[in-house]
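Novice: So that we are looking at the same thing, I have put the structure below in structure tokens.
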Amino acid sequence: MRFLFVSAPLAGHLDWGGFLATAVALQQRGHDVIWATGEAVAPQLKQWRIPFAPLVETGWRWPPPPPMTRPAQMSDREWRLLRGLRALDQWLEPARVEAGMAALEAVAVEVQPDALVSEMFIAASGLVAERIQRPLIVAGWPAVEPPAHGDTDGADDLKAEARARLAHLLRISGCKGINFTPHGPPALRSPHLHITFWSERWYAGLALASQTRHVGGLPLEALPADGTLPSPDEAPWVVVTLGTSFNRDPAFFLAAARAAVNLGCRPILLLGRSPDRTGGDRWLESLPPEAVVREFADFRALLPYAAAAIHHGGAGTTHALVRAAVPQIVVPHAGDQLHQARGVASTGVGFYLPPGEATVERLTAALAALLPDRSPYRARAAALREEFARLGGPPTAAQMLEQLLS
């Protein structure tokens, strides 16, 4: 079988808890896998020996525009609508999606896949799969039933704009929209299969459609502890990160580091980029002396030895922490991170704090609850790791894809 995987050209969008690992599992089972995305992530795909098909456009807007400033006279409703439109532009800006569709269809016609396997935020995948008459599978995200009623606080206006954009794309592509939600806010929706790398309990309270399947994840492989760091026996490690995308929030890093030091821990800051110590990162000089700063780290040599983590709620980071049974505090900053924050809170493996509430005092109190060896959060984190492991992880996802096409 031949599978065409599709993602935005960001490292985090290769992950989603097991997206790339599923492609690797399919290859190991003897199938052809090609990954279509932008050049920026070609090195990661090459590292895993996944054939790469370059796309000049995926439809995902990156880098994002500068942060918006709210006009003084703008109402709350108008401000929410403006922010919603900006978020919509990230994945459903018609001209960008049109270009992504053209680039992806050219690859698909050449590759002739048996199925497209896409992350949730590439609208072009749903259009191209319909145009070439191949099944679409969505990886990393459940099929969620849309809400029955609208919202009177600007959401209906945003939904109308989003549906108008989708209608335009369907019209110019000649598609019926079989791979999108038929009503409510538009989203990719495979009629065949949505694979999540979480568990049913993670999505408690959400109405999930029947094509959703959960495969969890296998326990994180433990390498020897990173020898370039002070031993965790000297002071427990608390991992602090905002991932690799929306990672410029000095207040978050400073507050998290001080909270860790308040409790006798060593904060290990992963910036997700090279620091600019003479410009925008001069705040690094204000960190407590106990803090260690790294650009990146191998989670396998870090998380198995960490006492806790304070982070943004990126899918890959959150999932790796679950697989390592590390209790966590999530301070979501963008995109899908709120979903991970809610999952952490609902399963009882940690805390969710909005950015405006992530003060040193609040973080210290939350961290103090996570750290004890017999903390209920630590026990629930261990139980959730076992729950994920029983679901089988990426090898099970690969089997599901095989069965769908058999």
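Novice: For G264, only one of the following conditions fails: (1) under 30 Å from T196 (Cβ atoms); (2) modelled with pLDDT of 95 or more; (3) assigned to a loop (DSSP other than H, G, I, E, B). What is its number?
Specialist: (1)
Novice: Among (1) in contact (Cβ under 8 Å) with a residue 40 or more places away in the chain; (2) outside any helix (DSSP H, G or I); (3) aliphatic (A, V, I, L, M), there is one condition A398 misses while meeting the rest; what is its number?
Specialist: (2)
Novice: Quick check: is even one residue across the stretch 36-50 in a loop (DSSP other than H, G, I, E, B), surrounded by fewer than 18 Cβ atoms within 10 Å (Cβ to Cβ) and in the same structural domain as A162 (by TED's automatic domain parsing)?
Specialist: yes
Novice: Something else: Given A23, A11, which one is modelled with pLDDT under 95 and surrounded by 14 or more Cβ atoms within 10 Å (Cβ to Cβ)?
Specialist: Of A23, A11, the one residue that is modelled with pLDDT under 95 and surrounded by 14 or more Cβ atoms within 10 Å (Cβ to Cβ) is A11.
Novice: Now a separate question. For residues in the stretch 11-32 being farther than 17 Å from P219 by Cβ and not in a helix (DSSP H, G or I), which is nearest to the chain's Cα centre (by Cα)?
Specialist: W16
Novice: Sticking with this structure for a sec: Here is a list: S75, S118, S125. Which entry is of a type in the set (S, T, Y) and loosely packed, with under 14 Cβ neighbours inside 10 Å? Even if it seems obvious, please write down each step before you answer.
Specialist: Details: S118 fails: loosely packed, with under 14 Cβ neighbours inside 10 Å; S125 fails: loosely packed, with under 14 Cβ neighbours inside 10 Å.
Going through S75, S118, S125 in turn, just one is of a type in the set (S, T, Y) and loosely packed, with under 14 Cβ neighbours inside 10 Å: S75.
Novice: For the stretch 287-356, which fully contained strands (runs of 3 or more DSSP E) count at least 2 residues that are more than 19 Å from T244 (Cβ to Cβ)? Write out each step before concluding.
Specialist: On the way: elements: 292-294, 306-311, 328-330, 350-352.
Answer list for the stretch 287-356: 306-311, 350-352.
Novice: Looking at A379, is it free of Cβ contacts under 8 Å to residues at least 12 places away in the same chain, more than 22 Å from the chain's Cα centre (by Cα), in the same structural domain as A320 (by TED's automatic domain parsing) and over 30 Å from G84 (Cα atoms)?
Specialist: Yes.
Novice: Taking the stretch 51-91 on its own, how many of its residues are of a type in the set (G, A, S), out of contact with any strand residue (DSSP E or B) (no Cβ under 8 Å at 6 or more places or on another chain) and not in a helix (DSSP H, G or I)?
Specialist: Total meeting the criteria: 3.
Novice: Identify, by number, the condition in (1) more than 18 Å from L85 (Cα to Cα); (2) over 24 Å from the mean Cα position of the chain (by Cα); (3) at pLDDT 95 or above that P182 doesn't meet.
Specialist: (3)
Novice: While we're on this one: Here are some residues: P230, P250. Which one is closer than 25 Å to S286 by Cα and at pLDDT 95 or above? Can you show your working first?
Specialist: On the way: P250 fails: at pLDDT 95 or above.
Testing whether each residue is closer than 25 Å to S286 by Cα and at pLDDT 95 or above leaves just P230.
Novice: Quick one: count up the residues across the stretch 219-242 that are surrounded by fewer than 19 Cβ atoms within 10 Å (Cβ to Cβ) and either in contact with a Gly (Cβ under 7 Å, 6 or more places away or on another chain) or within 14 Å of H319 (Cβ to Cβ) (or both).
Specialist: 3
Novice: Pick from R134, R96: which is under 27 Å from W35 (Cβ atoms), in the same structural domain as G174 (by TED's automatic domain parsing), assigned to a loop (DSSP other than H, G, I, E, B) and at pLDDT 95 or above?
Specialist: Working: R96 fails: assigned to a loop (DSSP other than H, G, I, E, B).
So the residue among R134, R96 that is under 27 Å from W35 (Cβ atoms), in the same structural domain as G174 (by TED's automatic domain parsing), assigned to a loop (DSSP other than H, G, I, E, B) and at pLDDT 95 or above is R134.
The values are calculated or read from the model by the stated rules, or taken from the named source; none is laboratory data. Keep in mind that what you see is a predicted model, and the values were worked out from it rather than measured. Reconstructed Cβ throughout: ideal geometry from the backbone, glycine too, with neighbour counts over all protein chains shown.
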